[in-house]
Every structure is written in C-alpha cells, then in structure tokens.
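S.K.: So that we are looking at the same thing, I have put the structure below in structure tokens.
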Amino acid sequence: MSYFVPTASHLAEIEIRKSRSVAYAYPVSTRVEAMACVAELKEIYSDARHHCWAYRLGGDASASAGMSDDGEPSGSAGKPILNVITHQQLGNLLVVVVRFYGGIKLGVGGLTRAYSQATQAVLADLTVSLARTWVDQTVICDFAQEQVVRYQLNNLEGQIISVAYQQQVTLVIRLPEEQLAPWQAWLAQQQIESILHKL
C-alpha cells in the first residue's frame with residue numbers, strides 16, 4: 001500500500017470563536033523524535049492552554065500511531081487530528097495543535113471541529129512525497145527465462161537485489177506491494193517458482 005510522507009515542516013494558524021490555534025506538521029520517523037518536537041513546542045508556547053498532538057509512523061497495515069488530548073475533553077483533540085492524518089493517507093508525520101483559549105467555550109463538538117480544521121489547514125499546503133511498501137521475493141527460473149523475468153520485473157517497477165547462477169538462476173527481487181498480485185499471476189502463468197520473504 002502506498003502512502004505519502006512529508007518532505008518538510010509546515011505551520012498554519014486559524015482562529016475559531018476567538019480561540020487561536022497554531023498547527024505544526026513535522027516529518028518524524030520515531031516516537032522519540034515526535035515527543036522531542038512536542039516538548040520543544042511546549043517550551044516555545046508555554047503560555048498556551050493546550051498542546052494536542054497525534055502522529056502516525058508508516059502508512060500501511062503495520063503503521064503505529066499515538067495521540068494526546070493534553071487536558072481537552074477525552075477524544076476531542078488527539079483523535080480528530082489523527083483521523084485527518086489517516087484519511088489523507090499520510091505517514092511519518094506528527095501534527096501538534098497549540099490552542100490559546102479565547103474566552104468562549106467551544107464544547108466537545110466544537111473542539112473536535114476546531115482541531116480537525118486546524119489539522120486540515122496545516123496539511124493543505126504540506127509538501128509530500130510518495131512512500132511505498134516493498135516486498136522481497138526469491139525467484140527461481142531457467143537460464144532461458146532470465147531475460148523475460150528481468151523485463152517483466154522492470155515493467156512492474158521492481159528491482160533485482162542479487163542473482164546466483166547454479167543449475168538454475170536464483171534472483172532475490174524487491175517490488176512495490178501494489179504490484180505483487182500481477183507479478184504473482186505472471187509467474188504462475190510462466191510456471192516459475194517463487195518464495196515470498198516473510199516481513
């Protein structure tokens with residue numbers, strides 16, 4: 001499964017019913033990195049009422065995530081931030097929304113909308129690039145089949161990691177996960193043996 005990752009940090013500011021929110025988006029690859037960014041913003045904006053955040057590491061089925069409402073009613077801040085991140089198919093991303101209370105209570109529904117809107121605002125102009133999930137496989141074919149295997153693999157944006165020549169040709173290959181189904185179907189049609197590597 002493909003997903004998008006940020007290529008740079010970004011910030012956006014919105015105001016809802018006199019409450020000012022400053023949203024930051026950071027590229028992160030670990031929880032430790034994400035928590036360091038949160039700690040830094042808490043220092044910079046020590047006068048703010050809330051520093052709510054969510055992160056998502058990776059973007060496929062094995063993605064890990066974390067979030068915090070930082071004193072807001074449960075589920076009204078961290079979850080809406082994470083929902084927007086996930087909905088936009090983003091990974092390796094931390095969003096922190098720093099909120100300054102403006103004197104008008106928003107209520108749980110209002111807070112959920114405010115944090116969602118702040119996250120959407122910071123992600124609207126975020127520069128991203130495509131990240132892919134790759135799979136590795138061993139392919140065993142006859143010498144006569146090697147060229148056609150290489151050709152088909154190239155068509156599916158795959159790459160060869162290593163080749164060994166014995167009685168047959170053994171290739172260790174890597175290809176985008178979304179190309180696995182057509183590749184497997186083609187191998188079966190050609191009666192070529194393959195072993196998928198366990199993640």
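The values are calculated or read from the model by the stated rules, or taken from the named source; none is laboratory data. The structure presented is a predicted model; accordingly, all values stated were derived computationally and were not measured. Because the Cβ atoms are built from the backbone with ideal geometry, glycine has one as well, and the counts that use them run over all protein chains shown.
S.K.: Only one residue in Ala185, Ala144, Ala164, Ala114 is at pLDDT 85 or above and in the same structural domain as Asn92 (by TED's automatic domain parsing), so which one is that?
M.R.: Ala114
S.K.: Which condition from (1) in contact (Cβ under 8 Å) with a residue 12 or more places away in the chain; (2) part of a helix (DSSP H, G or I); (3) exposed (fewer than 15 other Cβ atoms within 10 Å of the Cβ) is the one that Gly109 breaks?
M.R.: Every listed condition holds for Gly109 apart from (1).
S.K.: Check whether at least one residue in the range 118-129 is in contact with a His (Cβ under 9 Å, 6 or more places away or on another chain), closer than 21 Å to Thr30 by Cα, hydroxyl-bearing (Ser, Thr, Tyr) and loosely packed, with under 15 Cβ neighbours inside 10 Å, and report yes or no.
M.R.: Within the range 118-129 (the criterion being in contact with a His (Cβ under 9 Å, 6 or more places away or on another chain), closer than 21 Å to Thr30 by Cα, hydroxyl-bearing (Ser, Thr, Tyr) and loosely packed, with under 15 Cβ neighbours inside 10 Å), the answer is yes, since at least one residue qualifies.
S.K.: Here's something else I'd like to know. Quick check, is Val139 closer than 29 Å to Tyr3 by Cβ, surrounded by 11 or more Cβ atoms within 10 Å (Cβ to Cβ) and in contact (Cβ under 8 Å) with a residue 24 or more places away in the chain?
M.R.: Values: closer than 29 Å to Tyr3 by Cβ: yes; surrounded by 11 or more Cβ atoms within 10 Å (Cβ to Cβ): yes; in contact (Cβ under 8 Å) with a residue 24 or more places away in the chain: yes.
Yes; evaluated as a whole, the condition is true for this residue.
S.K.: Among Glu40, Glu15, which is over 20 Å from the mean Cα position of the chain (by Cα), modelled with pLDDT under 85 and either among the aromatic types (Phe, Trp, Tyr) or surrounded by fewer than 16 Cβ atoms within 10 Å (Cβ to Cβ) (or both)? Show your work before the answer.
M.R.: Details: Glu40 fails: modelled with pLDDT under 85.
Residue meeting the stated conditions: Glu15.
S.K.: Taking the range 46-81 on its own, how many of its residues are out of contact with any helix residue (DSSP H, G or I) (no Cβ under 9 Å at 6 or more places or on another chain) and either within 17 Å of Ala121 (Cβ to Cβ) or not assigned by TED's automatic domain parsing to the domain that holds Tyr26 (or both)?
M.R.: Qualifying residue count for the region: 1.
S.K.: Related question: Report the residue count in the range 75-106 for those that are out of contact with any strand residue (DSSP E or B) (no Cβ under 9 Å at 6 or more places or on another chain) and either crowded, with 22+ Cβ neighbours inside 10 Å or of a type in the set (A, V, I, L, M) (or both).
M.R.: The number of residues fulfilling the criteria is 0.
S.K.: Kindly check whether there is at least one residue in the range 81-103 that is farther than 14 Å from Ala23 by Cβ, more than 16 Å from the chain's Cα centre (by Cα), without any contact (Cβ under 8 Å) to a residue 40 or more places away in the chain and not in a loop (DSSP other than H, G, I, E, B).
M.R.: For the range 81-103, residues farther than 14 Å from Ala23 by Cβ, more than 16 Å from the chain's Cα centre (by Cα), without any contact (Cβ under 8 Å) to a residue 40 or more places away in the chain and not in a loop (DSSP other than H, G, I, E, B): absent.
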